[in-house]
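The values are calculated or read from the model by the stated rules, or taken from the named source; none is laboratory data. Keep in mind the model is a prediction, meaning the values are calculated, not measured. Counting neighbours? That spans all protein chains shown, and the Cβs are built from the backbone with ideal geometry, glycine included. Please note that ligands, DNA and RNA were not included when accessible areas were found on the heavy atoms of the full protein model with its side chains. Shrake-Rupley method; radii C 1.70, N 1.55, O 1.52, S 1.80 Å.
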Amino acid sequence: MDDVKSNDSLILYIQNLFHDSADLIVRKITWKDGDGIICFFSTMTESSEVNKQIEILRLRSIAELPNWAGTATSSVEAFSVPKLVNSVTNGFVAIFFPATNLLMTITIPSFEVRSTTEPTNEFVIRGPHEGFVESIDKNISLIRKHLPIPDLVRKDILIGTDTNTKVTYVYIESIADKNVVNEVKTRLKNIDRSKIYSIGQIEDYLEDSVWSPFPQFLNTERPDRAVANLLEGKIVIFTDQSPSALIAPVTFFSFYESPDDFNGRVIVGSFFRMLRLFSFLIAVFLPAFYIAVVGFHSEILPFDLSRKVKLAVEFIPYRPIIEALIVELFIEIIREATIRLPAPIGPTIGIVGGLVIGDAIVNAGLVSNLMVVVVAMTAISSFVVPSVEMNTTIRIIRFPFMLAATFFGFFGIAILALILFIHLLNRSSLNQPYLSPVVPFDPSRFKNIFFRLPYYKNHKQQQTFKHGGGKRKKGDRN
Amino acid sequence: MKKILLVSIACSLLLAGCWDERLYKDITIVPLMGYDGEPGKWTGYFTHAVVANPDSISFSTVEGSGVSIEEARLDANRKTSESLDPTQVLVVLLSTKAVKTDLLETFDIAYRMPRTRLSSRFVVVEGDLAPFMEKTEKMGKEVPDYYDETLNTAIFASIIPDEDIQLAVRLLLDEGIDLQLPYVKMSETTGTPEVAGVALFSDKVFSGHTLDTKESTIIQILKKKPGDETMFTFEWEKEGKKYPVTVGLVKYNKKWNIKDSKINAAYKMKVQVNEFAYNHLDEEKKRKELEGFLSKELTNDFNEVIKKLQEAKSDPVGFGRTVRAFHPHLWKKGKWQDTFSELDINVKVDVEITRTGIIN
C-alpha cells in the first residue's frame with residue numbers, strides 16, 4: 001500500500017518538475033521487480049515505438065541477461081533528478097525504478113517531421129532556414145529542439161464547441177510574467193464561439209483593441225524568431241493546422257527587429273535597425289510632406305530644387321492629392337495582382353506595371369515624375385519592415401496623412417502625427433504598454449531600439465515589460 | 001456632448017487661416033528683385049520664372065510701381081500670368097537712391113510676413129537699377145543664378161561680408177556697429193555687373209561712400225570674419241627689379257587697446273606665401289625682410305581704410321560694440337558715428353610667414 005502511495009507522489013513530483021506540461025507523460029508500468037515509472041514528452045517520441053522497445057527490454061530482464069538494459073537504444077544508470085530532467089527534455093523515454101534506484105533511458109526520437117521549408121514572407125540571409133508547419137506537435141518539437149529546458153511550458157486549450165480547435169500557448173516559466181500568462185489564459189477561456197479555426201480569429205479575441213490599425217501580436221512562421229521572443233519572456237500562441245504563431249506581449253519596436261540583426265555583425269545590425277526605423281518615417285510621412293510642400297509651403301524649397309519642382313508640377317492637370325492617389329492606387333493594384341499571380345508571371349507584371357506604365361503615365365502628363373519618385377520610394381520603404389501586418393498598417397495610415405496635408409499642409413501633418421502618437425501611447429499588448437521603452441521611458445532598453453548591441457552586453461535578462469501601473473480591469477478592451 | 005466637442009475641435013482646425021493653400025503650379029518663383037526710388041514712389045523689378053514648355057525654365061523681368069514696395073509688387077502682379085511669389089528670393093538689388101532712406105521702413109513687409117526668406121541678400125548697385133536686371137551675354141546663365149553665384153564667390157574671397165537680410169536688420173538696429181552691403185557696378189569693359197566692394201552705411205542710411213575690393217577685404221579682416229580665401233598681392237622691389245608677392249591669410253588674432261578717444265589695434269597674422277618668384281624663403285634673413293615689408297604695407301593699407309571709414313562716419317568693424325561694453329564714458333559722449341569719426345585709431349599689423357609652399 002505504501003509502495004503505491006509513494007509511486008503516486010513520485011509521479012506528482014515529476015509532473016511538478018516539468019510544471020505539469022501537457023505533453024509530458026508520466027505513468028506507472030509493471031516490471032519484474034516492482035513498478036517502474038515511465039516518463040517522456042509525447043511530442044518528442046514515437047509513442048507506438050515506445051511499447052515495442054519496452055516489450056523487448058522486459059523480455060531481456062525476465063531472461064535475467066547480464067546488463068539486460070544496455071541495448072543499442074537504451075542504457076541504464078544511477079537515478080538522479082537532473083539526469084531524469086535532462087534525458088526527458090532531450091527527447092528520451094526515461095524509466096525510473098524506485099526499488100533499485102536505477103534510471104533507464106530509451107531513445108525513440110520522432111524529430112523527422114515533414115520537411116520544414118523557409119517561410120516565404122520572412123526570409124533571412126543568415127540563420128536557420130526552417131519554418132513552422134501545420135502541426136502543433138511538430139512546431140513545439142521545433143521549439144524544444146532549440147530550447148532543451150524543463151522551464152519551457154506548453155499549455156493546451158480546446159476552443160469552439162463545433163470545431164474543437166486545439167489552441168496551444170508556450171512560455172518559459174522562469175522568465176515569463178505570470179500576470180501576462182494568466183491574462184492569456186483568461187482571454188482564451190473567455191472565447192465562446194462555436195466555430196474557431198484560424199489564428200486570425202484567435203487574434204481578434206486576444207487583442208487589447210481590435211479597432212486600432214496597429215497589430216498587437218507579432219505573427220511569425222520562424223522557430224528562431226519564436227525562440228528569441230520566448231527567451232525575452234513572451235508567450236507564443238499556436239493553433240493546430242496553422243503554421244503561423246502569435247507572439248505577445250510585443251511593443252511597436254518588436255516589429256522592426258529581425259532575426260538577421262543578431263545573426264549579422266554588430267555595426268551592420270545596428271545600421272539596418274536604424275534604416276528600418278527611418279523607413280517607417282519615410283513610408284508614413286513622405287507623400288504627405290511632398291503634398292504639403294507643393295500645395296502650401298513652396299518657400300521651404302531651396303532655389304535650385306524649386307526650379308525642378310516647378311518644372312515637374314507646372315503642366316499637371318490635377319491637384320497633388322489626386323495625383324498621389326492615382327499613383328498609390330496604381331501601385332497597390334500591381335502589388336495585389338502580383339500576389340495572386342503564379343510565380344513565373346509575377347515579375348513580368350511587375351516590370352510591365354512598374355516600368356512601362358509608370359513611364360507612360362509621366363510622359364502622358366497625368367502625374368509628375370517627382371510624384372512617381374515619392375510614391376515609389378514610399379512603397380519600397382513600407383516593405384522594409386520585417387513583418388507583414390505592420391507593413392499593411394503603414395500602407396493604410398499614410399492615406400489620412402495625405403488628406404491632412406491636402407487640407408492643412410504641415411499644420412495638418414503635425415496635428416495628425418500628434419493624434420497618431422496619442423493613439424500609440426494608449427495602446428497595449430496584453431495590458432503591457434505598446435510604446436515601451438519610449439513611454440514609459442527606460443534608458444537602459446531605449447538604446448536597443450536603435451542599436452543592436454553586442455550580445456554579451458545584455459547582462460541582465462531582457463525583461464521586456466515591467467509590472468504594475470495602468471493595469472486595466474478585465475473586460476475593459478479599449 | 002462628446003460629439004459636439006469633437007466637431008468643435010475639428011472646426012477649430014479651419015481657424016488656422018495662415019495655412020491657406022497656394023498651389024505651387026499656380027505661383028511663379030521670383031528669385032531676384034530690385035527696388036529703385038524713394039518713399040512714396042517706388043519702382044520694383046521682379047525677375048520671375050516662366051515655364052513655356054515642360055523641359056526648360058526661363059526668366060523674364062516685370063516692372064511695377066507704387067507708394068510702397070508691396071504696392072509695386074502688386075502692380076507688377078497684374079502684368080504676369082501667375083502670381084509673383086517673392087518667398088524664393090535670393091538677391092534683392094537696391095539702387096543707391098533707394099538706400100538713402102531707412103532700410104527697415106522700406107522693407108517692413110519682409111520682416112513682418114512669416115513667409116519671407118531671411119537667407120536672401122541685399123545688394124547695392126551703382127546708379128540706375130534697370131540695366132542690372134537684364135541678362136547680358138557675358139553672364140552665361142540666368143540673371144538670378146549669376147548674382148547668387150557671384151556673391152558667393154565674393155564671400156569666399158572675403159570681399160563682401162556673409163550677411164543675409166536677417167543679419168542686416170540686426171546690424172541696422174545695433175548702434176555700436178554699422179551695416180555694409182555688397183556694392184555692384186557695371187563693368188566698364190564687359191558691360192556685366194561685377195562686385196566692386198562694399199557700400200558703407202552710417203546709422204540707418206547709405207553714407208554715400210563705398211570701398212573697393214581690397215579695402216573691403218581689409219574690413220572683413222578687421223572684423224575678424226574673413227572668408228575662406230583671403231589674399232593680398234604686393235610688389236616687392238629688390239635690386240631694381242619688381243617681384244610680385246601674393247600672401248594668403250592662415251590665422252591671426254586681434255587685440256584692441258582702447259584708452260580715452262584713442263584706439264590701438266594690433267593684428268598678428270600668420271600668412272602663407274602663394275607666389276614669390278624671388279624665392280629662397282628658407283633663409284631666415286630673407287624671410288624677416290619680407291615679413292617687415294608686408295607688415296609695413298598692410299599697416300598702411302589698414303590705416304587708410306580706417307580713415308575712409310571715419311570719413312564716411314561708418315563703423316562696420318564694430319569698435320562701438322566693444323566701447324559700449326567696456327568704456328561707457330566714451331560711449332556716452334554722443335552719437336557713436338560722430339564719436340567714431342573723431343577718434344584716433346591706429347592699426348598695427350605684424351606678419352609672420354608660416355608656410356612657404358612646397359618649393360623653398
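At a glance:
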| read-out | value |
| --- | --- |
| C-alpha long axis of helix B:213-222 to longest principal axis of chain B, angle in ° | 80 degrees |
| Orientation-averaged projected area, Cα convex hull of chain A (nm²) | 29.1 nm² |
| Exercise: per-residue mean of other protein chain Cβ atoms within 10 Å, A:308-318 | 4 |
| Largest to smallest accessible area among B:133, A:274 [probe 1.4 Å] | A:274, B:133 |
| Beta bridges by DSSP in segment B:20-211, antiparallel share as percent, to the nearest 5 | 65 percent |
| Residue-count net charge about residue B:329 - beta-carbon cut-off 13 Å; Lys, Arg +1, Asp, Glu -1 | +3 |
| Burial ranking of peptide ranges B:82-92, B:102-112 (average Cβ count within 10 Å, highest at the top) | B:82-92, B:102-112 |
| Under 15 Å, Cβ to Cβ, from residue A:72 - net charge with Lys/Arg +1 and Asp/Glu -1 | +1 |
| Spatial extent of the protein assembly as shown: Rg and Dmax, with the Cα atoms as the point set, Å | 40.7, 132 |
| For segment A:2-107, the Rg and Dmax computed from alpha carbons only, in angstrom | 12.9, 38 |
| Ordering of B:42-49, B:329-336, B:23-30, A:75-82 by burial proxy (mean other Cβ atoms within 10 Å per residue, highest first) | B:42-49, B:23-30, B:329-336, A:75-82 |
| Relative packing of peptides A:59-71, A:368-380, B:256-268 - highest average C-beta neighbours within 10 Å first | A:368-380, B:256-268, A:59-71 |
| Degrees, to the nearest 10: B:2-14 long Cα axis against longest axis of chain B | 60 degrees |
| Axial C-alpha extent at least 15 Å, average Kyte-Doolittle at least 1.0 - helices from chain A (DSSP) | A:266-295, A:320-340, A:369-382, A:410-426 |
| Chain B - Rg (one decimal) and Dmax (whole number), Cα, Å | 24.9, 99 |
| Per-residue [θ]222 nm for chain B (sum of -39500 (n - 2.57) over DSSP H runs n ≥ 4, rounded to 500) | -9000 deg cm²/dmol |
| As computed over segment B:224-360, the Cα convex hull volume per residue (Å³) | 117 Å³ |
| Sequence-separation-based contact order of segment A:136-250, relative, with Cα cut under 8 Å and 6+ spacing, percent | 32 percent |
| Helix-only [θ]222 nm of chain A, DSSP H runs n ≥ 4, -39500 (n - 2.57) each, per residue, nearest 500 | -14500 deg cm²/dmol |
| Percent RCO, i.e. relative contact order, over segment B:224-360, from Cα pairs under 8 Å lying at least 6 residues apart | 31 percent |
| Charge tally in the Cβ shell below 9 Å around residue A:283, where Lys, Arg are +1 and Asp, Glu are -1, residue A:283 excluded | +2 |
| Residue-wise HN-Hα coupling along segment B:339-349, computed from phi with Karplus coefficients 6.51, -1.76, 1.60 (Hz; x: Gly, Pro) | 4, 4, 5, 9, 6, 9, 10, 10, 10, 10, 10 |
| Simple spin-label estimate for residue A:61 and residue A:77 in nanometres, 7 Å along Cα-Cβ | 1.9 nm |
| Value of relative contact order over segment B:20-211, rounded to a whole percent, pairs C-alpha under 8 Å and six or more apart | 18 percent |
| Three principal axis lengths of segment A:136-250 [C-alpha, angstrom, descending] | 36, 28, 23 |
| Per-residue average of Cβ from other chains inside 10 Å of B:48-58 | 3 |
| Descending semi-axes in Å of segment B:20-211, equivalent ellipsoid built from Cα gyration tensor | 25, 20, 16 |
| Alpha-carbon gyration tensor eigenvalues x 5, square-rooted, for segment B:115-170, Å | 21, 14, 12 |
| Other protein chain Cβ atoms within 10 Å, averaged over every residue that makes up A:406-413 | 3 |
| Point-to-point label distance, residue B:74-residue B:138, nm (Cα→Cβ direction, 7 Å offset) | 4.0 nm |
| Residue A:336/residue A:47 FRET efficiency (R0 35 Å; Cβ-Cβ; nearest 0.05) | 0.15 |
| ³J(HN,Hα) computed for each position of segment B:248-264 - Karplus, 6.51 cos²θ - 1.76 cosθ + 1.60, integer Hz, glycine/proline x | x, 6, 9, 7, 7, 10, 10, 9, 9, 10, 10, 9, 2, 6, 9, 10, 9 |
| Distance from segment A:375-416 to segment B:247-266 (C-alpha centre basis), Å | 58 Å |
